[in-house]
Amino acid sequence: MVGMIQSYFPLRGFGYIHVAEDFRKRIFFHVTNWRGAEMPAQGTRVEFDLADGHKPGQRPQAVRIIVVQTKAGGPQ
């Protein structure tokens, strides 16, 4: 799935992702599921897989940054 980080609280280690298919829907994520060298930041486009959680709904796993290619072919 694809989305955008709506918010991230570094002292608490969690945040929320807006889902691209339904921008009204947001999904909780924990920093332990983050797969990036840089810390999560608001507005970052991400890709993630969903896994069944023990709480109602699903939780993302393997949240990673989407690298946007410029017209010149390099990362933006």
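Derivation of every value follows stated rules applied to the coordinates shown; laboratory data play no part. Since the model is a prediction, treat every value here as computed from it, not as a measurement.
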* Can you give the Rg and Dmax of region 2-65 based on its C-alpha atoms, in angstrom? -> 10.6, 30
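Just want to confirm a number: the relative contact order over region 2-65, from Cα pairs under 8 angstrom separated by 6+ residues, in percent.
Working: 131 pairs, mean separation 20.9, N = 64.
It comes to 33 percent, rounded to a whole number.
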